[in-house]
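Student: Before I ask anything, here is the structure I am working with.
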Amino acid sequence: MADRERGIPNMLSARFRNGSMTKMFTGVAIGQLIQAGQVNPAAPVGSYLPDHPNRDVATKISIHHLLTHSGGTGDILPEYYERREQLRTIADYLALFGEREPRFEPGTRYEYSHYGFILLGAVIEAVSNPICGQITTFGHNGGGPGMSGDLSFWPNSGHIVAVLANKDWIATEVSGFICCHLPGTPT
């Protein structure tokens with residue numbers, strides 16, 4: 001059921017709030033870019049986002065800080081709830097939260113940060129440089145016999161879709177359907 005309390009069945013058109021579940025996929029995608037030599041975990045955010053509006057975020061906070069919630073980039077709540085209808089792309093989040101100062105000196109403590117992972121999504125966009133409307137797929141090269149797993153990143157939406165399925169036509173169709181029906185994706 002998509003909603004047990006209201007008796008709404010689960011259908012392909014059902015939308016779910018996935019909250020922080022995508023952080024693990026963002027982390028895997030960044031890890032693959034690090035492994036491929038396209039991202040340096042010690043590099044500051046500004047190496048990949050040179051136009052970031054806050055100089056301290058751009059120069060002092062590293063990719064490693066973002067991955068470990070130790071950059072001081074802070075939370076996006078309650079502002080997110082107040083403006084969630086207007087927040088559709090990574091650029092929307094950067095415009096709303098980008099000028100904020102870090103909450104503490106990067107690397108000195110842990111503080112869970114939604115905004116840090118939004119910045120990592122922006123790094124993925126910048127590094128993978130997808131053509132508008134093109135899905136960038138990161139394969140994980142794992143799974144059991146006949147299995148594959150991919151992370152598909154839809155540019156300008158901030159969505160990363162994990163597809164862990166048999167290597168067959170239906171997995172490809174499901175992945176394509178999901179990516180093409182996310183909010184903020186071109187039609």
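Student: Considering only residues that are farther than 14 Å from ALA122 by Cα and assigned to a helix (DSSP H, G or I), look in the stretch 26-39 and name the one that is modelled with the highest pLDDT.
Tutor: Among residues in the stretch 26-39 that are farther than 14 Å from ALA122 by Cα and assigned to a helix (DSSP H, G or I), the one modelled with the highest pLDDT is ILE34.
Student: Within the stretch 52-73, can you find the residues that are surrounded by fewer than 19 Cβ atoms within 10 Å (Cβ to Cβ) and within 16 Å of ILE124 (Cβ to Cβ)?
Tutor: Across the stretch 52-73, the qualifying residue is only HIS64.
Student: Let me ask you something else. What's the total number of residues in the stretch 23-42 that are small (Gly, Ala, Ser) and buried (at least 17 other Cβ atoms within 10 Å of the Cβ)?
Tutor: Qualifying residue count for the region: 1.
Student: Out of the stretch 76-100, which residues are touching a residue at least 60 places away in the same chain (Cβ under 8 Å), under 16 Å from SER113 (Cβ atoms) and of a type in the set (Ser, Thr, Tyr)?
Tutor: If the condition is that a residue be touching a residue at least 60 places away in the same chain (Cβ under 8 Å), under 16 Å from SER113 (Cβ atoms) and of a type in the set (Ser, Thr, Tyr), then TYR93 is the only one that fits.
Student: Out of all the residues in the stretch 85-122, which are surrounded by 12 or more Cβ atoms within 10 Å (Cβ to Cβ), in a loop (DSSP other than H, G, I, E, B), at pLDDT below 90 and not hydrophobic (A, V, I, L, M, F, W, C)?
Tutor: Of everything in the stretch 85-122, those that are surrounded by 12 or more Cβ atoms within 10 Å (Cβ to Cβ), in a loop (DSSP other than H, G, I, E, B), at pLDDT below 90 and not hydrophobic (A, V, I, L, M, F, W, C) turn out to be ARG88, THR89.
Student: Here's a follow-up. What residue, of THR73, THR22, THR26, is under 22 Å from ARG84 (Cβ atoms), in contact with a Ser or Thr (Cβ under 9 Å, 6 or more places away or on another chain) and touching a residue at least 12 places away in the same chain (Cβ under 8 Å)?
Tutor: Result of the check over THR73, THR22, THR26: THR73.
Student: Now for a separate question. Just the residues that are part of a helix (DSSP H, G or I) and either more than 16 Å from the chain's Cα centre (by Cα) or modelled with pLDDT under 85 (or both), please, taken from the stretch 66-84.
Tutor: Passing the criteria: GLU79, TYR80, TYR81, GLU82, ARG83.
The values are calculated or read from the model by the stated rules, or taken from the named source; none is laboratory data. Every value quoted in this text rests on a predicted model; they were computed, and no experiment measured them. FYI the Cβ positions are ideal-geometry reconstructions off the backbone, even for glycines, and counts take in every protein chain you see.
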